[in-house]
Amino acid sequence: MNGFMIAVGALAGFLLLGQGASAADAKIDHASRLYDTYCAQCHGVSRNGKGVNTVGLSVQPRDHSDTAAMASLPRDQMVRAIREGGAAVNKSALMPSWASVLTDAEIEQMADYLLYVCKCGKP
Amino acid sequence: MKFIAFLLAALVAGPAAAADADLQRQCGECHAFEKPADATLDRLWTRKGPDLWYAGAKFNRAWLVKWLQKPTAIRAGGVMWFKHAKPGEPRDTIDPAGIAPHPSVDAAAADKLADALMTLTGGGIVDAAAFKPEGANLSMGKLAFGKLRGCTACHQEKPGTGGVSAPELYDAGERLQPGYVLAYTKNPQAFDPHIWMPRLELTDVDLQRITAYVASLKAGE
């Protein structure tokens, strides 16, 4: 619980540089809702890469809760993978492009959300 | 208000529209028969059934008549898969307990409801002539649907295989018009801007082959 509060606090600091914490919470809530709708089907309701659809996947989706592995993934590569799909970052094309449903602002929020989920501790 | 307008239209327009009124009364709680003005993400989370405002451009009438009398599950995960997903090992699963069977109707009612549904053409959202069946290569289509383009991530081409967050397609040849298969695959967001199938980058050749393959799928094969 304590760690969680610290993570939320740290995140609010990273993201907002002076804006209220509630605006950060609202962005996180929105990104979380988007993740549930679009990403969890493959990346899992627990964000651990074990979604219901992995039964039909030959390459396993990234475990977004894996702190060490996610820490090695630069934020701009995440943004690129989400916007243009896995193939654009030399990964599997089974990771589709989401530019048709998510706005640019939502894709940026999603990258922030992934950093929050993995507790990677970098903006 | 909308409903009253609907009833009035039915009274004025005679038998076809009267069938529409039946549709609205028996099925309107769960299905949209007009393009929603508020196609938001929240609506996708709260709607109780898939949209039917383009049913006439989507379904084969014979399938409708049969299915309405003896409905089978099309979406293994229900109309919104997330609501029925539970975390687990080695992967999340769908809990079927919360997914109610579809209401069924008798043969005469099914016939009338199918007629009414077939009048809902979705304002030209599907170009039936876009699919060119000549020269279709089913084995290339199968390869594209599976390995190359990953449709099996979300859809089942055979019962018990593939993803469960989307409608099964193993009887798509019986259920769906090929023009609809092509139109949906080309641009899912034209049907709903927030649906969780993204627009995949497909060439025209891919679209034609995949459509031919999907349109060839029949239950029990």
Inset, instruction - Would you mind counting up the charge near A:Ser65? Only other residues with Cβ under 9 Å from its Cβ, with Lys and Arg at +1 and Asp and Glu at -1. - result: 0
Legend entry - Protein accessible area in segment A:22-118, 1.4 Å probe - carbon and sulfur %: 52 percent
Inset, instruction - Can you tell me the alpha carbon radius of gyration of chain B divided by the globular rule-of-thumb value 2.2 N^0.38 Å? - result: 1.05
Legend entry - Nitroxide proxy distance, nm - points 7 Å out along Cα→Cβ at B:Lys83 and B:Leu148: 3.8 nm
Inset, instruction - Specify the longest stretch of chain B that does not include any exposed loop site, a site being one of the trypsin sites (Lys or Arg not before Pro) with a non-H, G, I, E, B DSSP assignment and at most 14 other Cβ atoms within 10 Å. - result: B:49-217
Legend entry - Spacing of the two label points (7 Å from each Cα toward its C-beta) at B:Glu174 and B:Asp95, in nm: 3.2 nm
Legend entry - Check: segment B:147-206 dipole with +1 on Lys, Arg Cβ and -1 on Asp, Glu Cβ, in debye: 120 debye
Inset, instruction - Name the shape class, rounded, prolate or oblate, that the alpha-carbon gyration tensor gives for segment B:78-163, where a ≥ b ≥ c are the square roots of its eigenvalues, rounded holds for a/c under 1.5, and otherwise prolate holds if a/b is larger than b/c and oblate otherwise. - result: oblate
Inset, instruction - Count charges around B:Leu200 for me, please; just the other residues with Cβ under 13 Å from its Cβ, Lys/Arg as +1, Asp/Glu as -1. - result: 0
Inset, instruction - Taking the Cα centre of segment A:22-118 as origin, work out the dipole magnitude from +1 charges on Lys and Arg Cβ and -1 charges on Asp and Glu Cβ, in debye rounded to 20. - result: 280 debye
Legend entry - Label zone at A:Val59, where the point sits 7 Å out along the Cα-to-Cβ direction: segment B:127-170 residues whose backbone N lies under 19 Å: B:143-155, B:162-163
Inset, instruction - Could you check how much of the accessible area of chain B is carbon and sulfur, as a whole percent, using a 1.4 Å probe? - result: 60 percent
Inset, instruction - Would you mind working out the magnitude of the charge dipole of the protein assembly as shown relative to its Cα centre, with +1 at each Lys and Arg C-beta and -1 at each Asp and Glu C-beta, to the nearest 20 Debye? - result: 480 debye
Inset, instruction - Let me know the shape class of segment A:22-118, please: from the alpha-carbon gyration tensor, a ≥ b ≥ c as square roots of the eigenvalues, rounded when a/c is under 1.5, otherwise prolate if a/b is greater than b/c, or oblate. - result: rounded
Inset, instruction - Over 23 Å between C-alpha atoms is what I'm after, so list which of A:Lys50/B:Lys218; B:Lys83/B:Lys218; B:Lys48/B:Lys142; B:Lys83/B:Lys142; B:Lys48/B:Lys83 land there. - result: A:Lys50/B:Lys218; B:Lys83/B:Lys218; B:Lys48/B:Lys142; B:Lys83/B:Lys142
Inset, instruction - Whole number in Å², please: accessible area per residue of the protein assembly as shown, 1.4 Å probe, ligands, DNA and RNA not counted. - result: 50 Å²
Inset, instruction - Mind grabbing the interface size between A and B? I mean buried accessible area, both sides, 1.4 Å probe, in Å² to the nearest hundred. - result: 2400 Å²
Inset, instruction - Work through the residues other than B:Leu41 whose Cβ is under 13 Å from its Cβ and net out their charges, Lys, Arg +1 and Asp, Glu -1. - result: -3
Inset, instruction - Give me the distance in nm between label points sitting 7 Å out from Cα along the Cα-to-Cβ direction at A:Lys91 and B:Thr203, one decimal. - result: 2.6 nm
Inset, instruction - Can you bin segment B:128-216 into rounded, prolate or oblate? Criterion: square roots of the alpha carbon gyration tensor eigenvalues sorted a ≥ b ≥ c, rounded for a/c under 1.5, prolate for a/b above b/c, oblate for the rest. - result: rounded
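The values are calculated or read from the model by the stated rules, or taken from the named source; none is laboratory data. Computed from a prediction, not measured in an experiment: that's the story for all the values here. Here the Cβ is made from the backbone with ideal geometry for all residues, glycine too, and neighbour counts use every protein chain on show. When the accessible area is computed, the model is the full protein with side chains, heavy atoms only, and any ligands, DNA or RNA have been set aside. Shrake-Rupley method; radii C 1.70, N 1.55, O 1.52, S 1.80 Å.
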